[in-house]
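K.L.:
I have a structure I would like to understand better, so I am pasting it below and will then ask my questions one at a time.
Only the coordinates and a few stated rules stand behind these numbers; no lab work does. Quick caveat: nothing in here was measured; it's all calculated off a predicted structure. Note that each Cβ is placed from the backbone with ideal geometry, even for glycine, and that neighbours are counted across all protein chains shown.
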Amino acid sequence: MMQKTPIAVLISGRGSNMRALIEACERPDYPARIALVLSNRPDAAGLEIARAAGLQTIAIDHKPFGKDREAHERKVDAAIRASGAEIVCLAGYMRVLTPFLVNAWNGRMLNIHPSLLPAFPGLHTHEAALAAGAKEHGCTVHLVTAGVDEGPILGQARVPVHAGDTPDGLAVRVLEQEHVLYPAVLLDFIINRYAE
């Protein structure tokens, strides 16, 4: 029986990248298992998907913490540690992290971003790519560091930008690649991290 590395997946919404990770982790030859799915939004649709898959879920609403992001993150961090997770995968987790959580999981927190970083960090990447006249667009999995979308790049997938593309149409094609890229990069990350 393969030893599977426990991971925590953090979401804020529908959890489509989480679903791709769930499907990967269900394969017997995939080296990770999801120990926890955590959301900062109790109404996140992804929580229902995770529960339906039999996974442990928790919602830690950020709203009661007001502007004290670190206090919220301390609760998040405690829940991740209690689950036994060794790696954190941000999958549409729409919170800007403080140094507390970034440092707590330094070198062990991955994020997927819908652009070819370093181009178009932050939000509204598809609109930005079209406005800039980019010939190609895509997605990036990177390690999380203090700067937003600035961490070391672990993998990228590219999609061509077509004449007449809309942000929504481009988003659909990029998302298809995200669902392939994230499980593949996580696989490589675990194998390389724990290679003897």
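K.L.:
Which whole-percent values make up P(r) of the chain when all C-alpha to C-alpha distances are grouped in 5 Å steps starting at zero?
P.N.:
The calculated distribution, bin by bin, is 1, 8, 16, 20, 20, 16, 11, 5, 2, 0.
K.L.:
While we're here: Arrange Ser83, Ser115, Ser39 by Cβ neighbour counts within 10 Å, fewest through most, would you? Write out the running numbers ahead of the final one.
P.N.:
Details: Ser83 18, Ser115 22, Ser39 27.
Result, fewest neighbours first: Ser83, Ser115, Ser39.
K.L.:
Report relative contact order for the stretch 1-72 in percent, whole number only (criteria: Cα-Cα under 8 Å, sequence separation at least 6).
P.N.:
Numbers: 113 pairs, mean separation 22.3, N = 72.
Rounded, it is 31 percent for the stretch 1-72.
K.L.:
Order by neighbour count: His113, His137, fewest other Cβ atoms within 10 Å first, most last.
P.N.:
Values: His113 22, His137 26.
With the fewest neighbours first, His113, His137 line up as His113, His137.
K.L.:
Of Cys89, Cys25, Cys139, how do they rank once you tally other Cβ atoms within 10 Å and put the fewest first? Walk me through the numbers before you get to the answer.
P.N.:
Numbers: Cys89 29, Cys25 22, Cys139 26.
Final ranking by Cβ density, sparse to dense: Cys25, Cys139, Cys89.
K.L.:
Enumerate by residue number the trypsin sites (Lys or Arg not before Pro) in the stretch 1-95 meeting two conditions: DSSP loop (anything except H, G, I, E, B), and at most 16 other Cβ atoms within 10 Å of the site's Cβ.
P.N.:
Details: sites: Lys4, Arg14, Arg19, Arg33, Arg51, Lys67, Arg69, Arg74, Lys75, Arg81, Arg95; in loops: Lys4, Arg14, Lys67, Arg95.
Counting only loop positions with at most 16 other Cβ atoms within 10 Å, the trypsin sites (Lys or Arg not before Pro) in the stretch 1-95 are Lys4, Arg14, Lys67, Arg95.
K.L.:
In whole Hz, what ³J(HN,Hα) sequence does the stretch 158-170 give by Karplus (6.51, -1.76, 1.60; θ = phi - 60°), x for Gly and Pro?
P.N.:
Result, rounded to whole Hz: 10, 10, x, 8, 9, 4, x, 4, 10, x, 5, x, 5.
K.L.:
Can you compute the charge dipole magnitude of the stretch 31-115 about its Cα centre, using +1 on each Lys and Arg Cβ and -1 on each Asp and Glu Cβ, nothing else charged? Give it in debye, rounded to the nearest 20. Mind showing how you got there, number by number?
P.N.:
On the way: 11 positive and 8 negative charges, 9 e Å.
For this selection, approximately 40 debye.
K.L.:
Given the DSSP H assignment, sum -39500 (n - 2.57) over each helix run of at least 4 residues in the chain and divide by its residue total; what's the result at 222 nm in deg cm²/dmol, nearest 500?
P.N.:
Working: 6 runs with 73 residues, N = 196.
It lands at -11500 deg cm²/dmol.
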